[in-house]
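Report on the structure given below.
The values are calculated or read from the model by the stated rules, or taken from the named source; none is laboratory data. Keep in mind the model is a prediction, meaning the values are calculated, not measured. Cβ placement follows ideal geometry from the backbone for every residue including glycine, while neighbour counts extend to all protein chains displayed. Only protein heavy atoms, including side chains, enter the accessible area calculation; ligands, DNA and RNA are left aside. Shrake-Rupley method; radii C 1.70, N 1.55, O 1.52, S 1.80 Å.
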Amino acid sequence: MSVSVIVGGQWGDEGKGKVVDLLSNKFDIVARYQGGANAGHTIIINDKKFVFHLIPSGILHPGTICILGNGVVIDPVALLDEIEFLRKNNISVKNRLFISQNAHLIMPYHKLIDSLSETGTLKIGTTGKGIGPCYIDKYARKGIRIIDLLNRRTLEDKIRRNLEEKNNLLKNYYGHSEMNIQEMVDEYLEFDRTIDEYIKDVPSYLNKAILEGKRILLEGAQGSLLDVDHGTYPFVTSSNPTSGGACTGTGIPPTKISEVISIVKAYTTRVGEGPFPTELINETGELLRKTGHEFGATTGRPRRCGWFDAFLVRYSGMINGTTSVALTKMDVLSVLDEIKVCTGYIFEGKLLSNYPIDCDILENVEPVYTTLPGWKEDISSCRKYSDLPLNAKKYLEYISGEANMKISILSVGADRDATIIM
Ligand code: GDP
Ligand code: IMO
Ligand code: MG
């Protein structure tokens, strides 16, 4: 039995795309289980850059089947763009990309409402991809699913019913013009033609594959602290990026999961609003952003940067049941003379024993830091643990202990090859 889950161990953008691509040659199937085109997963092979928003990061391995599970919310426009991009790069998705019939569709009104709601009192800093509004409809049992593309009458009925309600909201709450029902019906009826060939009964397919001894990698998007249940609510995304989401989002039962690999950055970043106790709003933060090219792969926004937070990573390891960690962007720290590591938070004069996900507390904690010496040496060409400078080894040892993590992969550059297997 070999089902592995990859999760983001912090606030997203940890380097999941790179690690999924790296591991994909050991897997027969790679499946996404939540989120949508809010994700931006970067893969660099011999200086050629690929960024995937919806399609799993295993797609560059010709023998790998890629799947979008029922937990994913699918923007057909973004999906077809990505398929076209792959075609232009001579990568075929024919008979190797499948979409769960139960996955929900992102509609144009989801994207519009996403951007309009960001102008209200609570600004989350969303990606504007319609994620929250689509999951709202899913849980309100009003959503339109991939399977609905197969029945033109149902599709048309559902769009009409939804749009009547949304137009009321647009006009009377947001003071926005209404959307055209017929145009939307015509546009989505067209997707029936282009998307039908990918639709599958994914839970049956995956569970049969497990029985046949196939190896499956479940690729999380976003990060654990963006989880709607376990993250820094309300500054989160609207799905469950943590490992539990991998089961509900694919139809693979928990008893079939054999390992959980957390992808963790050697420092911390966050995009959008919300508390970030170890954030560096100074020259060091700027230096990390510049050296690590910390700009969003989906929106291009500058990412907020800060010190490694071992307290946070210990918490995310607990929630995910992490069995091993791939630590990324270690090379970026080479520019620093000394490096701080947060080991805990003080709140109202007391050291907290459990991670506080309440934002009012998180906004007011004081991080406790240990300062370690830097190594000031380029490590991007190291390919063995023994090649690393002593201070880099000491940093790894220290954060492994404080964050309670077993590092099995160390990434020292964006390229597929810039990797040390520990
Ligand atoms: P994801 O969303 O978790 O897949 O991560 P992103 O692709 O949004 O952001 C990670 C960025 O870091 C991308 O630009 C990667 O190419 C890059 N990257 C990944 N691993 C490393 C690494 O070890 N070192 C450096 N310098 N860059 C890396
Ligand atoms: P990957 O998979 C980092 C953030 C947004 C915002 C919040 C809610 O590339 O790691 P949403 O559009 O999901 O409703 O936005 O979540 N966010 C991400 N941050 N990486 C991501 O994905 C993200 N996807 C969403 O910036 O703060
Ligand atoms: Mg990303």
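Before moving on, here are some points about what is shown:
- Phi-based couplings in Hz for region 235-242 (Karplus 6.51, -1.76, 1.60; Gly and Pro marked x): 8, 9, 8, 9, 9, 10, x, 5
- DSSP assigns beta bridges within the chain; of those with both partners inside it, close to 40 percent run antiparallel.
- Straight-line reach from Lys48: taking Cα to Cα under 15 Å and skipping same-chain neighbours fewer than 8 places apart, the aspartates and glutamates in range are Asp21, Asp415, Asp417.
- The distance linking region 1-60 with region 348-422 is 21 Å (Cα centroid to Cα centroid, whole angstrom).
- Alpha-carbon Rg/Rh ratio, for region 158-218, with Rh computed the Kirkwood way: 1.28
- In terms of packing, defined here as the mean over residues of other Cβ atoms within 10 angstrom, the peptides 175-186, 371-382 line up highest first as 371-382, 175-186.
- Scalar couplings 3J(HN,Hα) for region 282-291, obtained by applying the Karplus form with A = 6.51, B = -1.76, C = 1.60 to θ = phi - 60°, are 7, 4, 5, x, 4, 5, 5, 4, 5, 5 Hz; x denotes Gly and Pro.
- Other-chain or far-sequence residues with amide H under 5 Å of Gly8's (modelled H): Ser224, Ile263
- Radius of gyration and Dmax over the Cα atoms of region 108-263, both given in Å: 18.3, 55
- Restricting region 134-196 to trypsin sites (Lys or Arg not before Pro) that sit in a DSSP loop and have at most 14 other Cβ atoms within 10 Å of their own Cβ leaves Arg141, Lys142.
- Values of log10 I(q)/I(0) for region 90-129 across q = 0.15, 0.25, 0.29, 0.30 Å⁻¹ run -0.58, -0.84, -0.95, -0.98, by the Debye formula with one identical scatterer at each alpha carbon and no solvent.
- One quarter of the convex hull surface built on the alpha carbon atoms of region 341-413 amounts to 6.3 nm², the projected area averaged over directions.
- Mean Cα-pair separation over length for region 104-194, i.e. relative contact order, pairs under 8 Å, 6 or more apart, %: 27 percent
- At R0 = 22 Å, FRET efficiency that the Cβ-Cβ distance of Ser115 and Asn168 yields, to 0.05: 0.75
- Around the amide H of Thr328, modelled in the peptide plane, lie the amide H atoms of Val264, Lys265, Ala266, Ser411, all under 5 Å away and 5 or more residues distant in sequence or on another chain.
- Approximate shape of the chain as ellipsoid semi-axes (Cα gyration tensor, √5λ), whole Å, largest first: 36, 26, 19
- Ellipticity estimate at 222 nm from DSSP helix runs (n ≥ 4, -39,500 (n - 2.57)) divided over the chain, nearest 500: -9500 deg cm²/dmol
- Lysines whose Cα lies under 24 Å from that of Lys376, excluding same-chain neighbours fewer than 8 positions away: Lys265, Lys290, Lys329, Lys340, Lys384, Lys393, Lys394
- Rh (Kirkwood; distinct C-alpha pairs) - region 269-379, Å: 15.3 Å
- Estimated translational D of region 190-344 in µm²/s (Stokes, Kirkwood radius over Cα pairs; 20 °C; 1.002 mPa s): 120 µm²/s
- Folded to 0 to 90 degrees: helix 108-117 orientation relative to the chain principal axis, Cα: 50 degrees
- Label-point separation, Thr255 to Glu178 (7 Å along Cα→Cβ), nm: 5.3 nm
- Summarising the overall dimensions of region 104-194 from its C-alpha atoms, the Rg and Dmax are 13.2, 41 angstrom.
- Per residue, in Å², the accessible surface of region 206-358 once ligands and nucleic acids are set aside, probe 1.4 Å: 38 Å²
- Using θ = phi - 60° in the Karplus curve 6.51 cos²θ - 1.76 cosθ + 1.60, the 3J(HN,Hα) couplings for region 93-107 round to 9, 4, 6, 9, 10, 10, 10, 5, 5, 8, 5, 8, 9, 7, 9 Hz; x is entered for Gly and Pro.
- Rolling a 1.4 Å probe over the protein heavy atoms of the chain, with every protein chain left in place, gives an accessible area that is 50 percent carbon and sulfur.
- For region 104-194: accessible area per residue (Å², 1.4 Å): 55 Å²
- Amide H contacts under 5 Å for Ile106, placed H, 5+ residues apart: Ile74, Asp75
- Qualifying lysines (Cα of each under 17 Å from Cα of Lys214; at least 8 residues distant if same chain): Lys26, Lys256
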